[in-house]
Amino acid sequence: MKWGFVGPVLALLILFNIFPLFYNIVLSFSNAELSGGGWQWVGTHNYGVIFADPKYGAAIRTTGLFVAVAVTLELILGFVLALALRDNFPGKTVVLTVLLVPMMLSPAVMGLYWNLVLNGHYGILNQILGACGLALDNQPQWLTSNRLKLFSILIIDIWMWTPFMMLIAMAGLNSIPRHLYEAAEIDRAGRWTVFRRITLPLCAPLLILAVLLRTTDALKQFDLVMAITGPDDAATQTLSALLYQSIFRNFKVGLGSAYACVTLVIVIALATVFTRYIDSIQRRQGRIDA
Amino acid sequence: MKALRSVVIAVYFAVAAMPLAWMAVTSFKHTRDTILAQPKYIPALSQSAPHSPLFQVSLEAYRKLNAPYAGTDRTYFNYLVNSVVIGLLSTVASVVLGTFCAYGFSRFRIPGGRDWLFFILSTRFLPPLAVIAPVLTMYRQFDLPNTHLGLVLLYTVFNLSLSVWLMKGFIDDIPRAYEEAALVDGYSRLRAFFLIIIPQASRGMAVTAVFCLIAALNEYGFAMTLNSYRAVTVPVYFAGLQKNIDGIPWPQVAAGVILFVVPVIVFTVLVRRHLLRGVTFGTVKQ
């Protein structure tokens, strides 16, 4: 009876997730190509290529840099916004709704549209910067300059995902009992002490949850890279972009699968940290409820 | 301090809303007015010189969405229909399967229950591009690439983690006493599920459906790699325009994006109270 309720979902997830994981490992020892046809075992040849060719390591570094910068800035900005939005003011609901919109939109679609905003010649960003007296004679080429491309993708990602951090930080701030602040006031605690001893520590569990969620998501970064530079640009090639390039542009399924396996080790390690953390939070909540 | 807060909010609001506002403005322009060094941001009825900030308002972009686009016999609306059909079918499937599964985990002692739940959650973290090669090989066996069914299946599975976790949160909130009373009255487990749980959980199911639908509409990685024709969705279509040699028709893009995102924005407003639950897979309840 009970397996009747949960069985179909588990079967589908195993078929679409566990099976590909193992099949990936099989393919990674082969010279399979996208066009299909026969393939042969090539042993650890693919892994040899990955560890010899610097572009594979570079993609891991690019992804790491992207994740670190994006998540850090989103966390700081989101938390600052949540703090600023603590008091009520007229029109707060409308402001909040507008701020939350970007995270619900499609990254691929918005990525294409941002090409219009960031274009070096006719983009509104450079025109606004120009009107403010900045960068007038030396228009930054956000989309084509090797130094700026990754930065542009970061700008879009931060635009899309800062509201996510803000939303979770606001929930954290709301959950802090008011009497703690009243007690601090009676004790004449300074603003900074209150922040450091009450606000920050009590928000921390939710902020960590938000950081983990964003990290696992940012690690998959593909849509914006495709929209801004395409998959084969050394300046912005993330793990997913390189996987796409190997499998669908160079048709090397075997090689791509080997790289996918390396990627998956990183992803699964992070996912484990993440699920453990949620488990601990939920157990703690359960104890409080009981 | 209060002033500082207002400034922070005002500045961020202006920066965040600018791209959205500019998109709306762009959708009412002629293409020639979108690629000038001087921005045109004031709507006017007639055309004016290239360096003036006035632009001629036009509905041309919205009208052109209905015209076949460069080298294909398809219009924007073909892709929109694909997106909506695939999104709706997969959403219904995900929510139904997810509700059954969540009920099972909520009410029965399932061996390894927590481990299974975390397995379900962790499927969400797999990057599409890291599992696409085996999925594509599998799909080819069954002739599923370039079909609506292929994407519906994949999105259904992709959204199961979200629907199971969200629905588990909602079903956990329904008191067990209701269905226990029904079971004592001689209802079968299945009848109690349909007559007691489903009506109680219907709001949760609607909220879950909204999040599944948005995820399915926005998905790009799978849609792009499994499709080159027939079941092409809006994100894949737009992303493909980037390589357009004649330049990108910005007003049409803006108009198309607006038609695509307005429903998403409406849904966001509708589920605003549950947004936190939705984006954290139900792990944070407010």
Quick calc, region B:76-279, dipole around Cα centre from Cβ unit charges on Lys, Arg (+) and Asp, Glu (-), nearest 20 debye, gives 240
Using per-residue counts of other Cβ atoms within 10 Å, averaged over each peptide, order B:111-121, B:248-258 from highest down. B:248-258, B:111-121
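What number in nm² do you get for region B:138-264 if you take the convex hull of its Cα atoms and divide its surface by four?
On the way: hull surface 43.0 nm².
Here the figure is 10.7 nm², rounded to one decimal.
By the scheme Lys and Arg +1, Asp and Glu -1, what is the net charge of all other residues having a beta-carbon under 12 Å from that of B:R107? Write out the running numbers ahead of the final one.
Details: positive: A:K2, B:R109, B:K168, B:R176, B:R189; negative: B:D172, B:E179, B:E180.
In short, +2.
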For chain A, built as a Gaussian network whose Cα springs stay under 10 Å, the top-fluctuating residue of A:L73, A:L167, A:L200: A:L200
Those residues of region A:30-53 for which accessible area with every protein chain present is at least 20 Å² below the isolated value (1.4 Å probe): A:L34
For A:D232 and A:H121 in one chain, what is 0.36 nm times their gap in residues minus the Cα-Cα distance, to one decimal in nm? 37.6 nm
Distance in nm between label sites at B:V96 and A:R196, each 7 Å beyond Cα in the beta-carbon direction? 5.8
At 20 °C in a medium of viscosity 1.002 mPa s, region B:179-239 has a Stokes-Einstein diffusion coefficient, with Rh taken as the Kirkwood radius over alpha carbon pairs, in µm² per second, of 147
At least 50 Å² of accessible area lost relative to the chain alone, listed for region B:1-15 with a 1.4 Å probe: B:R5, B:I9, B:Y12, B:F13
So which residues in region B:228-276 end up with at least 30 square angstrom less accessible surface once the other protein chains are there, compared with the chain by itself, probe 1.4 angstrom? B:F238, B:Q242, B:W250, B:V257, B:V261, B:I265, B:T268, B:R272, B:L275, B:L276
Buried accessible area, chains A and B (both chains, 1.4 Å probe, Å² to nearest 100): 8600
Throw me the Rg/Rh for the protein assembly as shown, computed over C-alpha atoms with Kirkwood Rh, two decimals. 0.98
Rg from C-alpha atoms of region A:94-229, normalised by the globular rule of thumb 2.2 N^0.38 Å, equals 1.39
Report the number of Lys pairs in the protein assembly as shown whose alpha-carbons are under 30 Å apart, with separation of 8 or more residues or on distinct chains. 26
Starting from region A:23-122, pick out the trypsin sites (Lys or Arg not before Pro) whose DSSP state is loop and whose Cβ has at most 13 other Cβ atoms within 10 Å. A:R86
Working note, region B:2-58: Cα radius of gyration (Å, one decimal) and Dmax (Å, whole number) are 14.8, 45
Peptides ranked, highest mean first, by Cβ atoms within 10 Å: ranges B:233-240, B:133-140: B:233-240, B:133-140
Only four residue types carry charge here, +1 at the Cβ of Lys and Arg and -1 at the Cβ of Asp and Glu. Report the dipole size of the protein assembly as shown about the Cα centre in Debye, rounded to the nearest 20. 940
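Per residue of A:243-254, what is the mean number of Cβ atoms on other protein chains within 10 angstrom of that residue's Cβ? Could you put the intermediate results ahead of the total?
Working: counts 9, 6, 1, 2, 5, 6, 0, 0, 0, 1, 5, 1.
Per residue, the average neighbour count from other chains is 3.
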Label model pair B:Y178, A:D53: point-to-point distance (7 angstrom along the Cα→beta-carbon line) in nm is 5.7
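For region A:53-289, what % of the accessible area comes from carbon and sulfur atoms, probe 1.4 Å?
Working: 6290 of 10140 Å².
Roughly 62 percent, rounded to a whole number.
For region B:2-58, what does the accessible surface come to per residue with a 1.4 Å probe? Please give it in Å². Mind dumping the intermediate values first?
Details: 3120 Å² over 57 residues.
Here the residues of region B:2-58 average 55 Å² of exposed surface.
In Å², and per residue, what accessible area does region A:53-289 have when probed at 1.4 Å with the other protein chains present? Walk me through the numbers before you get to the answer.
On the way: 10140 Å² over 237 residues.
Averaged over the residues of region A:53-289, the accessible area is 43 Å².
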Total charge dipole magnitude, region B:1-128, about the Cα centre, Cβ charges on Lys, Arg, Asp, Glu only, Debye to nearest 20: 360
Can you give the accessible area per residue of region B:111-204, in Å², using a 1.4 Å probe? 42
Between the alpha-carbon centers of region B:21-54 and region B:202-233, tell me the distance in whole angstrom. 34
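Name the shape class, rounded, prolate or oblate, that the alpha-carbon gyration tensor gives for chain A, where a ≥ b ≥ c are the square roots of its eigenvalues, rounded holds for a/c under 1.5, and otherwise prolate holds if a/b is larger than b/c and oblate otherwise.
Values: a/c = 2.38, a/b = 1.30, b/c = 1.83.
Cα axes put chain A in the oblate bin.
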Once the dipole of chain B is set up with Lys and Arg at +1 and Asp and Glu at -1 on Cβ about the Cα centre, which of B:M205, B:F125, B:A21 lies farthest towards its positive end? B:A21
Would you mind telling me which residue in B:A49, B:A192, B:A216 has the biggest mean-square fluctuation in a Gaussian network model of chain B, where springs connect alpha carbons within a distance under 10 angstrom? B:A49
Averaged over A:72-83, number of beta-carbon atoms from partner chains that fall within 10 Å: 1
With all protein chains present, how much of the accessible area of region B:152-240 (probe radius 1.4 Å) comes from carbon and sulfur, to the nearest whole percent? 59
Residue-level accessible surface for A:R214, protein heavy atoms, 1.4 Å, Å²: 10
For chain B, rounded, prolate or oblate, judged on the Cα gyration tensor with a ≥ b ≥ c (square roots of eigenvalues), a/c < 1.5 rounded, else prolate if a/b > b/c? prolate
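Which order do A:I50, B:I42, B:I35 take when ranked by solvent-accessible area (1.4 Å probe, heavy atoms of all protein chains), largest first? Please list the in-between numbers first.
Numbers: A:I50 10, B:I42 65, B:I35 85 Å².
Result, largest first: B:I35, B:I42, A:I50.
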When chain B is modelled as a GNM with alpha-carbon springs shorter than 10 Å, which of B:Y103, B:Y79, B:Y187 fluctuates the most? B:Y187
Per-residue SASA entry for A:E182, accessible area with 1.4 Å probe, Å² rounded to 10: 100
Expressed in angstrom and rounded, the centroid-to-centroid distance over alpha carbons for region A:216-254 and region A:158-206 is 38
Which residue, A:L264, A:G254, B:L144, has the largest displacement toward the positive end of the dipole of the protein assembly as shown when charges sit on each Cβ (Lys, Arg +1; Asp, Glu -1)? A:L264
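The values are calculated or read from the model by the stated rules, or taken from the named source; none is laboratory data. If you're wondering where the values come from, they're calculated on a predicted model, not measured in any experiment. Using ideal geometry, Cβ is built from the backbone for each residue, glycine included, and neighbour counts are taken over all protein chains shown. Note: areas computed on protein heavy atoms with side chains; ligands, DNA, RNA excluded. Shrake-Rupley method; radii C 1.70, N 1.55, O 1.52, S 1.80 Å.
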